[in-house]
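Asker: Have a look at this one before I ask anything.
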Amino acid sequence: GNSVTQMEGPVTLSEEAFLTINCTYTATGYPSLFWYVQYPGEGLQLLLKATKADDKGSNKGFEATYRKETTSFHLEKGSVQVSDSAVYFCALRRQLTFGSGTQLTVLP
Amino acid sequence: GAVVSQHPSRVICKSGTSVKIECRSLDFQATTMFWYRQFPKQSLMLMATSNEGSKATYEQGVEKDKFLINHASLTLSTLTVTSAHPEDSSFYICSASDRIGNQPQHFGDGTRLSIL
């Protein structure tokens, strides 16, 4: 079956630090991959997506590249801000299978 | 962009009460809606998938008589937690999709359910 393995948190960084949150998946075929962000007390918002191998999704300074050879979709941002503090979920397919979520806290 | 409205955002009620949560797609036709449950500091667990006009498909371990799902139109799905007990307290999130295939879902803001 489908599964998503996500880097365990929590992750605490200083403002302007480089962020990487690892995500690997197991699935048949070539599923679409997504990163969602959840701010405290809210639902999920789509952050970015990639639908095929070597696609790079990007939004708000965040990027992730669909790597078929390593079955990975790691989330990166070159310089995080305090406002990026949230829980980040990696997910695959339309009927989403979620990773466990990574709590990110950015300190000023 | 597409918007999904979930109501109510918070419910506090006594044990034994049935609670209905609504999920509406505001500017698109949602052929499929999903209901998730999220425990504190944990990921989302898919409870069921509902397609307009047909019975919901429940995930293993989810009691269909406990969590009644109705998807009567292309813009509305409801989740009713019947005879709720404290262990049903959780954050419930709905999402909707307007296409077949690997398209992203649009999420509601969630409902915090607290059973006393």
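Asker: For chain A, with only Lys/Arg (+1) and Asp/Glu (-1) charged at the beta-carbon, what is the dipole magnitude about the Cα centre, in debye rounded to 20?
Answerer: Dipole size: approximately 460 debye.
Asker: Going by a 4.7 Å Cβ-Cβ cut-off, which cysteines of chain B have no partner at all?
Answerer: So far as the 4.7 Å Cβ criterion goes, B:Cys13 stand without a partner in chain B.
Asker: Please name whichever of A:Gly57, B:Ser83, B:Met33 sits farthest to the positive end of the charge dipole of the protein assembly as shown, dipole taken about the Cα centre and charges placed at Cβ: Lys and Arg +1, Asp and Glu -1.
Answerer: Positive-most Cα among the choices belongs to B:Ser83.
Asker: Then there is this: Tell me, what % of the accessible area of chain A is carbon and sulfur with a 1.4 angstrom probe?
Answerer: 48
Asker: Considering only C-alpha atoms, what is the centroid distance from segment A:36-98 to segment B:2-72, in Å?
Answerer: If we compute the Cα centre of each part, the gap is 24 Å.
Asker: Please build a GNM for chain B, connecting alpha carbons under 10 Å apart, and tell me which residue among B:His106, B:His71, B:His85 fluctuates the most.
Answerer: Among B:His106, B:His71, B:His85, the largest GNM mean-square fluctuation belongs to B:His85.
Asker: Moving on to the next point. Percent antiparallel among DSSP beta bridges with both residues in chain B, to the nearest 5?
Answerer: 90
Asker: In terms of the Cα gyration tensor, with a ≥ b ≥ c the square roots of its eigenvalues, is segment A:1-95 rounded because a/c is under 1.5, prolate because a/b exceeds b/c, or oblate?
Answerer: prolate
Asker: Could you list, in their original order, any pairs among A:Lys77/B:Lys41; B:Lys20/B:Lys55; A:Lys52/B:Lys41; A:Lys49/B:Lys41; A:Lys52/B:Lys55 whose Cα atoms are separated by more than 27 Å?
Answerer: The pairs that break the limit, which is 27 Å between Cα atoms, are A:Lys52/B:Lys41; A:Lys52/B:Lys55.
Asker: Over segment A:28-108, what is the relative contact order in percent, taking alpha-carbon pairs closer than 8 angstrom and at least six residues apart?
Answerer: 27
Asker: Between A:Val82 and B:Lys64, take the C-beta separation as r, use R0 = 30 Å, and let me know the FRET efficiency to the nearest 0.05.
Answerer: 0.10
Asker: If you take every DSSP beta bridge fully contained in the protein assembly as shown, what fraction is antiparallel? Give it as a percent rounded to 5.
Answerer: 90
Asker: Is there a quick way to get the dipole size of the protein assembly as shown? I mean about its Cα centre, with the Cβ of Lys and Arg at +1 and of Asp and Glu at -1; what is the value in debye to the nearest 20?
Answerer: 400
The values are calculated or read from the model by the stated rules, or taken from the named source; none is laboratory data. Keep in mind it's a predicted model, so treat the numbers as computed, not measured. Every residue, glycine among them, receives a Cβ derived from its backbone with ideal geometry; neighbour counts consider all protein chains shown. Heavy atoms of the whole protein, side chains included, go into the accessibility calculation; ligands, DNA and RNA do not. Shrake-Rupley method; radii C 1.70, N 1.55, O 1.52, S 1.80 Å.
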